[in-house]
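The values are calculated or read from the model by the stated rules, or taken from the named source; none is laboratory data. All of these numbers come straight from a predicted model, not from anything done at the bench. Virtual Cβ from ideal backbone geometry, glycine too; neighbours counted across all protein chains shown.
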Amino acid sequence: MKKAIIEVKALKKDFYVGEITVHALRGVDLEIKEGEFVAIMGTSGSGKSTMLNILGCLDKPTSGSYFLDGISMGELSKNELANLRNIKLGFVFQSYNLLSRTTALENVELPLFYNSKIRSKERRERAEAALEAVGLADRMHHMPNQLSGGQQQRVAIARSLVNDPVVILADEATGNLDTRTSFEIMALLQDLNQKGKTIVFVTHEADIAKFMTRQIVFRDGHIIREELVTNRNNAVELLKTLPIEESV
């Protein structure tokens, strides 16, 4: 039996706006096992973004427990959380979040600067390997403004991989991309998942969620539906049905 990478129990998160209390999460139970590719879905205000922030150790719950790879997040200090976040988690965002004045290679190296055990030579080798893994071996020394949107997102995915995290958290990672480029990114993520990488992907797009193995739907701070994806979309096969364009 595969181990649980993420375990959430009775998780609540409240926000206070003046005298008003907003219950963003209302007692959520969630388990994600090693090797899953999970879609977290829901409309704006459903709680999915709050859930992702807590899973990414960017925010703390009001109550409840969160275990990441067997470690209780509620018992760690801010510094310990930051260190664990850098080691255990990889992030991919809708807006790529690349530094504009640094090359693709330097952007991918960034997470490794926080690990004092890694010397510059190893840092460079690991960043090069990550870029090769996402098909950008020939774009390592390009600046972000010299790359297409799809290529920039591939750099962001390479950056999320460079520390070999236990889980990748993606937030609307295809939101700024056209259909073909979205399918190319999903093909890359499906390939990484098939190689064993656990991925949690927040999306409001039902078509994108069909590329994953399980869907979890939030509404008003609750999980209202969980289901395995039967008839899962294959991104590589779908790409063959689109008009031929220059690959990005």
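Report, by residue number, each residue of the stretch 2-26 that is among the small types (Gly, Ala, Ser) and not in a strand (DSSP E or B).
As a first pass, look at the stretch 2-26 and keep what is among the small types (Gly, Ala, Ser): 4, 10, 18, 24.
The answer is 18, and nothing else.
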Inset, instruction - Run residue 226 past the list (1) within 22 Å of residue 33 (Cβ to Cβ); (2) surrounded by 15 or more Cβ atoms within 10 Å (Cβ to Cβ); (3) modelled with pLDDT of 95 or more; (4) of a type outside the set (Phe, Trp, Tyr) and report the number of the one that doesn't hold. - result: (2)
Inset, instruction - Give the stretch 37-91 a look and list any residue that's polar (S, T, N, Q) and either crowded, with 21+ Cβ neighbours inside 10 Å or at positive phi (or both), or say none. - result: 46, 50
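With the stretch 141-230 as the region, which strands (runs of 3 or more DSSP E) entirely inside it contain at least 1 residues that are closer than 28 Å to residue 120 by Cα?
Numbers: elements: 167-171, 198-202, 214-219, 222-228.
Here the list reads 167-171, 198-202.
Hey, could you check the stretch 27-70 for residues that are assigned to a loop (DSSP other than H, G, I, E, B) and among the β-branched types (Val, Ile, Thr) and say which is farthest from residue 169 (Cα to Cα)?
To start, the set of residues in the stretch 27-70 that are assigned to a loop (DSSP other than H, G, I, E, B) comprises 34-36, 42-47, 56-62, 69-70.
Next, only the ones that are among the β-branched types (Val, Ile, Thr) stay: 43, 62.
On the way: 43: 18, 62: 21 Å.
Among those residues, the one meeting the criterion is 62.
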